[in-house]
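**Student:** Quick one: the structure is below, questions incoming.
The values are calculated or read from the model by the stated rules, or taken from the named source; none is laboratory data. Fair warning: this is a prediction, and the values are worked out from it, not measured in the lab. Backbone-built Cβ (ideal geometry, glycine too); neighbour counts: all protein chains shown.
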Amino acid sequence: MINLRLSKYLNNIDRFLIVLIILLLSIGLVTLVSAAQQATAIIGNQIINITVGIILLVFLSNVDPKRFLFLAPHLYILSLILLASVIFFGFESHGAKRWINILFFNFQPSEIIKITIPLMLAWLYHRYQNTINYRTHSIAFIILAIPCVFILDQPDLGTAILIFLSGLIVIFLAGLSLRFIVVSIFSFLLALPYLWSTLHLYQQNRIMSLIDPNRDPLGTGYHSIQSMIAIGSGGFLGKGWSYGGQTQLNFLPETSTDFIFSVFGEEFGFLGIFILFVLYFLILYRCIDMAQKMQNTFSRLITASLVFTLFSSSFVNIAMVSGVLPIVGAPLPFVSYGGTSMVVSLTMIGIIMSLHSNKSLIAN
Amino acid sequence: MDLHNFKYTFKQRLNFIFGFLIFIFSILLIKFFYLQIIKFDNYSALAKSNRIKIISIPAIRGQILDRNLEILAANKLIYTLELDPKNKLDINEIKKKLSNIVQISNYDIKKYNKTLKENYYSSTIPIKTNLTNTQVAKFIANQYKYPEISLKQKFSRTYPKQQTGAHFIGYINRINKKDIERLKKSGKFESYMGLDHIGKTGIEFFYEDKLHGYPGYKKIEVNAKNDVIRTIEIIEPIHGEDIILNIDYKIQKVAEKAFGKYKGAMVALDPENGAVLAYISQPSFNPNLFINGIDESNWRRLSDSIHKPLINRVVSGIYPPGSTLKPFVALAALENNIRRPPFSIIDKGFYNMPNQSKTFSDWKKSGHGKVDIIKAIAVSCDTFFYGLGIELGIPKLNIVLKRFGFGQKTNIDMPNEKAGLIASAEWKKRKYNKKWYQGETAITAIGQGYTQTTPIQLALATAKLINPDHTLRPRLLKYVITPNHMKSKIIDSNKETSHSQGALEFNLFGKKTKSSYSLVNINKINDLNLVKKAMALVTKEGGTAAFIGRTSSYDVSAKTGTAQVFSLKKNEVYDESKLPDKLKDHALFIAFAPSEKPQLVIAIVVENGGHGGATAGPIAKKVFDAYLNEAN
């Protein structure tokens, strides 16, 4: 009886995608055990994070997409309130105010907004799908800009850029004219010097140290150099699980969170990274395929935007630890230690699965 | 925009995003290929240098001791505070920070800066040396406040006898650029890892290889905070060997005291094996001043002094031998069968050249009366030797002088030895492009010509009168003790292969053999005995050092000498009391005792000491007394 009920709940789970996700989670957990060294509490916490995320995923995959449509504006407003409250009630960590505490949970509203913005924008375009014009796009920009300003204020440049980009993707997919896009990019480049001057000194330093990490090897460039040493010294086959000297002797910073990919690279080598990238490709391919097959604007835009968010976050994290981008402090989805990131990432997959399996429920 | 159109645009743009993501991830993959495959060796090395540190364990330098194991150079444990110059620290700030633990004086800062400028070697440089126990304790208690300052425990060289024996002991100093070049050339550079000092002069320099040992190292793994995780490998250092010298500190001390304020040099040898028992070069200096770089005022004082205290006179001082050359000149005559007794002359106080061109006077104006070769040595008759020289000629004389080691290095185990000079017509032609005059032959025969000698050469030549073994050479080293103190390697002073440069190729009497005693021609042994008999008379009544004989319980054989520092003009009379000190004659003295079975040979030069017997003789007497009375 119970079995029957449980299997009913699992009906909406995409088998192919869930297998890939579980594989990714396993790789992440194995790496985390090595990265956390003797800190067993971290492993326990991460298992709880994953469990909570999976339950949420299963639950959300069964939610009727109509409900998402209905809830989208409310969730957006709620996340804005949370974001605003960071300014008043948030606490600092690593020089930035990103966290708030609600009912004994510490979490980052900026992670929640990664879901609510796509929902809100998809709601907007779905609602006006027959009359999409520059006004719709303008409203979309405003919806996108407000939370970004909040996040910039924390200050968290990396997340702000990521969220802004994932919103732009929705607008882009909704048909914003190419001419407008080209003009915007051009004017952005023109405004760059001004934008540079508005950046915090530490942000400027981070960007400068990217251009030349050896400029200040013991300052902002230090983490970048140590991370590249870790990855580079891994070689083709890696040093073996838990044998990464850079990791185990703490030359690498933040091994459980932002730099967990460096741990993976050091211990599993280029071969490991290649296999991981194949896994990423399969996940991406499956998600894009699902989005292409969806029948309504709302579902398609949300799915595309969430997929983009997940992969651009992954890209930023991996690019940062390999010295392609500056160190901005972004976790690696599904892999890095951290409750908010894990739960949000699995939530996104849950929503995508719901939209996919219930594709006929919201007809155009 | 209609719906169909929208759907089409969406599909197209989504595919574009798909492609874009694959593109940027491909860039990452290329970057990883670059980092992990192409640059693997580079990053692998960087990772290793991150965690593997090599700490050298310096070898403890060997000690230098005299034959009775009196310590002449030792190591004392000291504590220093050191800075790493790579950190580019502000010295004045360090000074202020340390002020409640230890006072950093301006002198310390000056010394630090000087070392920093000349430092090509060590990683950290001392800012304060010789910390007291209280200062060490205070520093350790507050160490966390000074991450940039490290407390080091090291062995510092110390010369407990100060001035005594400074010239032969030598000193160490910080390794400089020239040393590094030299070490690199000889392939010894790596054995100096972690060491700051190197021997610069004397035994410290000559036996550097034995003294300094070979450093060990510790390979350790550290984490990012520099905590030691584990030790990978320890190679223990091989400590330096202790050098035991032939020197007898007691005799050394007696000789030094006997020298008093005189300048000059003295060597005492055991004629049996060439062992150097005393080695004096006066004035001396305190070698402790040099250990960590001598300061400027002391350096000026020492190097600018007109008395030249830094010159090692025993091996580097060059003097005309004066009358101390006469016994060897006499031997040359006897070997050539001239002036053999009963030949004698009547000395009226002067000598006329055969062609009457020039007259040479004797030191004794009234003359010595009837003089044979024995008396000529005993009373140091110049007239006898003028004629001898003229008849013998320079080439025959020089053959014998060469056999006794004049004009060449003795190969004593000491750096900077000078060869001296045996003058000849060919030499004068080469050097000055001038003709050799017969008068020069006459004065060469009494040791006042161009021929020049070092005190060590004089001592060795005298020793060879007793022990005519051509392999005889002066040695300071008696034996070495390897660091475990179990095995001691005895080095026979003479049997060890010499640093053969300039070594004699023939024995004293021309036979190419080592065991010369049994093979020498009986005539030559007789010649030698004749000369020694004459030298024994020097300390008897009528001899030039008769006072020694009067006060000694043993027989002393000797020869006095006086070397002119400047030439008198014609008809000018040498009056010692009227001359300034620096123009006074050098007093020379060679001697051995007891005459019948000599145990000790002495050669002395007292600069500006006037007549040889009067100033140098008493010094020799005191040394003989100390040595022979101690031995009996």
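**Student:** Return only the number of the condition from (1) surrounded by 15 or more Cβ atoms within 10 Å (Cβ to Cβ); (2) touching a strand residue (DSSP E or B) at 6+ places or on another chain (Cβ under 8 Å); (3) at pLDDT below 95 that residue B:232 does not satisfy.
**Tutor:** (1)
**Student:** Is there a residue being within 14 Å of chain B (Cβ to nearest Cβ) and farther than 23 Å from residue A:59 by Cβ anywhere in the stretch A:331-338?
**Tutor:** Taking the stretch A:331-338 first, the residues within 14 Å of chain B (Cβ to nearest Cβ) are A:332-333.
Filter again for farther than 23 Å from residue A:59 by Cβ, leaving A:332.
Checking the stretch A:331-338: at least one residue is within 14 Å of chain B (Cβ to nearest Cβ) and farther than 23 Å from residue A:59 by Cβ.
**Student:** Quick check on my filter: what residues within the stretch A:229-241 are within 19 Å of residue A:26 (Cβ to Cβ) and surrounded by 15 or more Cβ atoms within 10 Å (Cβ to Cβ)? Give the steps one after another, and end with the answer.
**Tutor:** First, pick out the residues of the stretch A:229-241 that are within 19 Å of residue A:26 (Cβ to Cβ): A:238, A:240-241.
If the condition is that a residue be within 19 Å of residue A:26 (Cβ to Cβ) and surrounded by 15 or more Cβ atoms within 10 Å (Cβ to Cβ), then A:238, A:241 are the ones that fit.
**Student:** Would you point out which residue out of B:175, B:149 is touching a strand residue (DSSP E or B) at 6+ places or on another chain (Cβ under 8 Å), farther than 22 Å from residue B:73 by Cβ, surrounded by 14 or more Cβ atoms within 10 Å (Cβ to Cβ) and not polar (S, T, N, Q)?
**Tutor:** Numbers: B:175 fails: farther than 22 Å from residue B:73 by Cβ.
Only one candidate qualifies: B:149.
**Student:** Taking the criterion of being more than 10 Å from chain A (Cβ to nearest Cβ), of a type in the set (Phe, Trp, Tyr) and not in a helix (DSSP H, G or I), would at least one residue in the stretch B:88-110 satisfy it? So that I can check it myself, show each step before the final result.
**Tutor:** Kept after step one, since they are more than 10 Å from chain A (Cβ to nearest Cβ), are these residues of the stretch B:88-110: B:88-110.
Cutting the leftovers down to of a type in the set (Phe, Trp, Tyr) gives us B:107.
Among the residues that remain, those that are also not in a helix (DSSP H, G or I) are: none.
No, there is no match, as no residue in the stretch B:88-110 is more than 10 Å from chain A (Cβ to nearest Cβ), of a type in the set (Phe, Trp, Tyr) and not in a helix (DSSP H, G or I).
**Student:** Another one. Looking only at the stretch A:244-258, how many residues end up being within 12 Å of chain B (Cβ to nearest Cβ) and either crowded, with 24+ Cβ neighbours inside 10 Å or on the phi < 0 side of the Ramachandran plot (or both)? Please lay out each step first, then the result.
**Tutor:** Within the stretch A:244-258, the subset within 12 Å of chain B (Cβ to nearest Cβ) is A:244-253, A:255.
Checking which are either crowded, with 24+ Cβ neighbours inside 10 Å or on the phi < 0 side of the Ramachandran plot (or both) leaves us with A:244-249, A:251-253, A:255.
Number satisfying all stated conditions: 10.
**Student:** Let me ask something else. Out of B:265, B:224, B:258, I need the residue that is in a loop (DSSP other than H, G, I, E, B) and either under 30 Å from residue A:253 (Cα atoms) or away from chain A (no Cβ under 14 Å) (or both). Which one? Break it down stepwise before answering.
**Tutor:** On the way: B:265 fails: in a loop (DSSP other than H, G, I, E, B); B:258 fails: in a loop (DSSP other than H, G, I, E, B).
Exactly one residue qualifies, and that residue is B:224.
Let's see how each residue does on (1) under 22 Å from residue B:557 (Cβ atoms); (2) assigned to a loop (DSSP other than H, G, I, E, B):
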residue	(1), (2)
B:340	yes, yes
B:345	no, no
B:351	no, no
B:355	no, yes
B:363	yes, yes
B:366	no, yes
B:370	no, no
B:375	yes, no
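**Student:** Turning to a different aspect of this structure: Residue under question is residue B:72, and the condition is that it be more than 9 Å from chain A (Cβ to nearest Cβ) and not small (Gly, Ala, Ser); does it hold?
**Tutor:** Values: more than 9 Å from chain A (Cβ to nearest Cβ): yes; not small (Gly, Ala, Ser): yes.
So residue B:72 fits the description; yes.
**Student:** Oh, and also: For the condition farther than 30 Å from residue A:125 by Cα, among the basic types (Lys, Arg) and more than 9 Å from chain A (Cβ to nearest Cβ), what is the one hit in B:51, B:61?
**Tutor:** On the way: B:51 fails: more than 9 Å from chain A (Cβ to nearest Cβ).
Of B:51, B:61, the one residue that is farther than 30 Å from residue A:125 by Cα, among the basic types (Lys, Arg) and more than 9 Å from chain A (Cβ to nearest Cβ) is B:61.
**Student:** Within the set of pairs 6 or more residues apart or between chains, which connect a residue that is under 13 Å from residue B:465 (Cα atoms) inside the stretch B:396-418 to a residue that is charged (D, E, K, R) with Cβ atoms less than 7 Å apart?
**Tutor:** Listed pairs, sorted by first residue: B:400/B:335; B:404/B:464; B:405/B:464.
**Student:** Next up: Say whether the condition of being closer than 16 Å to residue A:25 by Cβ, within 12 Å of chain B (Cβ to nearest Cβ) and not in a loop (DSSP other than H, G, I, E, B) is met by at least one residue in the stretch A:346-355.
**Tutor:** No: the stretch A:346-355 contains no residue that is closer than 16 Å to residue A:25 by Cβ, within 12 Å of chain B (Cβ to nearest Cβ) and not in a loop (DSSP other than H, G, I, E, B).
**Student:** A further question follows. When you go through A:271, A:301 one by one, which is the residue that is modelled with pLDDT of 95 or more, within 12 Å of chain B (Cβ to nearest Cβ), out of contact with any Ser or Thr (no Cβ under 8 Å at 6 or more places or on another chain) and part of a helix (DSSP H, G or I)?
**Tutor:** Numbers: A:301 fails: modelled with pLDDT of 95 or more.
So the residue among A:271, A:301 that is modelled with pLDDT of 95 or more, within 12 Å of chain B (Cβ to nearest Cβ), out of contact with any Ser or Thr (no Cβ under 8 Å at 6 or more places or on another chain) and part of a helix (DSSP H, G or I) is A:271.
**Student:** Then there's this: For residue B:56, all conditions in the list (1) closer than 21 Å to residue B:216 by Cα; (2) touching a residue at least 40 places away in the same chain (Cβ under 8 Å); (3) within 14 Å of chain A (Cβ to nearest Cβ) hold save one; what is the number of the exception?
**Tutor:** It fails just one condition, (3).
**Student:** Right, next: Mind checking which residues of the stretch A:291-337 are surrounded by fewer than 23 Cβ atoms within 10 Å (Cβ to Cβ) and at positive phi?
**Tutor:** Scanning the stretch A:291-337 gives A:323, A:329.
**Student:** Of the conditions (1) within 14 Å of chain A (Cβ to nearest Cβ); (2) modelled with pLDDT under 90; (3) under 30 Å from residue B:231 (Cα atoms), residue B:4 clears all except one; give me its number.
**Tutor:** All conditions are met except number (3).
**Student:** Picking from B:240, B:260, B:264, which residue would you name as being at pLDDT below 95, surrounded by fewer than 23 Cβ atoms within 10 Å (Cβ to Cβ) and over 24 Å from residue B:596 (Cα atoms)? Break it down into steps so the answer makes sense when it comes.
**Tutor:** On the way: B:240 fails: surrounded by fewer than 23 Cβ atoms within 10 Å (Cβ to Cβ); B:264 fails: surrounded by fewer than 23 Cβ atoms within 10 Å (Cβ to Cβ).
Sole residue among the options that is at pLDDT below 95, surrounded by fewer than 23 Cβ atoms within 10 Å (Cβ to Cβ) and over 24 Å from residue B:596 (Cα atoms): B:260.
**Student:** Something else about it: Residues being surrounded by fewer than 24 Cβ atoms within 10 Å (Cβ to Cβ), among the hydrophobic types (A, V, I, L, M, F, W, C) and either farther than 16 Å from residue A:292 by Cα or at pLDDT 85 or above (or both): count how many of those fall in the stretch A:354-364.
**Tutor:** 1
**Student:** If you go through the stretch B:541-584 one residue at a time, how many are assigned to a helix (DSSP H, G or I), of a type in the set (A, V, I, L, M) and at pLDDT below 85? Give the steps one after another, and end with the answer.
**Tutor:** Within the stretch B:541-584, the subset assigned to a helix (DSSP H, G or I) is B:546-551, B:576-578, B:581-583.
Filter once more, keeping what is of a type in the set (A, V, I, L, M): B:546, B:548, B:583.
If we keep only those that are at pLDDT below 85 too, we end up with B:583.
Residues flagged as assigned to a helix (DSSP H, G or I), of a type in the set (A, V, I, L, M) and at pLDDT below 85 within the stretch B:541-584 amount to 1.
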